[in-house]
1. Could you list all residues from the stretch 106-125 that are under 28 Å from Arg202 (Cα atoms) and either assigned to a strand (DSSP E or B) or not aliphatic (A, V, I, L, M) (or both)?
2. Let me confirm something: among Leu67, Leu82, which residue is at pLDDT 95 or above and in the same structural domain as Trp22 (by TED's automatic domain parsing)?
3. Could you list, in sequence order, the residues of the stretch 50-97 that are within 17 Å of the chain's Cα centre (by Cα) and not in a strand (DSSP E or B)?
4. Looking at (1) within 19 Å of Ile144 (Cα to Cα); (2) at pLDDT 90 or above, which one does Leu109 not meet, given that it meets all the others?
5. Take the conditions crowded, with 16+ Cβ neighbours inside 10 Å and either out of contact with any His (no Cβ under 9 Å at 6 or more places or on another chain) or in the same structural domain as Glu130 (by TED's automatic domain parsing) (or both) and apply them to Ala50. Does it pass?
6. Restricting the first residue to the stretch 26-52 and requiring it to be within 18 Å of Val111 (Cβ to Cβ), which pairs with a second residue that is among the acidic types (Asp, Glu) and surrounded by 10 or more Cβ atoms within 10 Å (Cβ to Cβ) meet a Cβ separation below 6 Å and a spacing of at least six or different chains?
7. Determine, yes or no, whether Leu196 is in contact with a Leu (Cβ under 9 Å, 6 or more places away or on another chain), outside the structural domain of Leu24 (by TED's automatic domain parsing), at pLDDT 85 or above and not in a strand (DSSP E or B).
8. For the stretch 84-95, enumerate the residues that are farther than 18 Å from Leu48 by Cβ and without any contact (Cβ under 8 Å) to a residue 24 or more places away in the chain.
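The values are calculated or read from the model by the stated rules, or taken from the named source; none is laboratory data. Since the model is a prediction, treat every value here as computed from it, not as a measurement. We place every Cβ from the backbone using ideal geometry, glycine too, and count neighbours over all the protein chains shown.
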Amino acid sequence: MLPLLICLLLASATADTAVTPWELAGISVTPHVQSAAMRYRTSPDPELGARVELYLRNLSHQSLRILPTLRVRFDGRSAAELLDATDWAWHDTPNAVPNGPVSVSAGGLTVWAFNSRKSAWGIGTRQVLEFGDAGAMQRLEFAIEKPSASVSAVAFLPSDESRVARMQGAPAHDGLSTLHPVRMIVRVANDTARPLRFLGVRLWIPDSNESFRALRCKSQKPEIFPTFFTG
């Protein structure tokens, strides 16, 4: 998970805040593949999993704390059990963060991720996430599907003036020598049969510099791209 989360605005969703404090605001799936161009010393495992990131949004009007001891179950099993069964290779869920609770502000996001090894957790499967106290578990269902469009690369660039000053060896204390990004280039992979229409971009940044596990929206209104290049 990156300290900065970039969301391309292609659609919106709503949820009933009176029912659950959390919603599954989005999912990012990176399918595992085996390239025909690769040569393996031994026969590769035919089962293909996926890397999955779940974006959970706090729907309440107050900050919510996520403790490392939070009861989290995926299809009825804990992350540790899925690792022991070799269904997963690794995970980044609350139980993997022993250094204190994470506080997610109202409307904020946190991201839980796992990397699976088995086809039972690969493309075309449906899973159930449950978390909370033993007597009040929240249930969220999600499907692991190959994305039709995704952000494949992001680059942040400084101003031309700063870049030239840095190349010319400007002193470190000189403001021009400090590389602060002023431009962002986003590469989007479009696997659909038609063009995509981009509405804007919304940046999610850490609530504090101490941790990137709790994110807040930089601006409630999406920022419109000033320029577009497609090709």
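1. If we filter the stretch 106-125 for residues that are under 28 Å from Arg202 (Cα atoms), which is where we start, we get 106-115, 123.
Result: Gly107, Gly108, Leu109, Thr110, Val111, Trp112, Ala113, Phe114, Asn115.
2. Working: Leu67 fails: at pLDDT 95 or above.
The conditions single out Leu82.
3. Matches in the stretch 50-97: Thr93, Pro94, Ala96, Val97.
4. Going through (1) within 19 Å of Ile144 (Cα to Cα); (2) at pLDDT 90 or above one by one, Leu109 breaks only (1).
5. Considered against the rule, which asks whether it is crowded, with 16+ Cβ neighbours inside 10 Å and either out of contact with any His (no Cβ under 9 Å at 6 or more places or on another chain) or in the same structural domain as Glu130 (by TED's automatic domain parsing) (or both), Ala50 comes out as yes.
6. Short answer, once both residue conditions are applied: Ser28/Glu53.
7. For Leu196, the condition - in contact with a Leu (Cβ under 9 Å, 6 or more places away or on another chain), outside the structural domain of Leu24 (by TED's automatic domain parsing), at pLDDT 85 or above and not in a strand (DSSP E or B) - is met.
8. Selection gives Asp84, Thr93.
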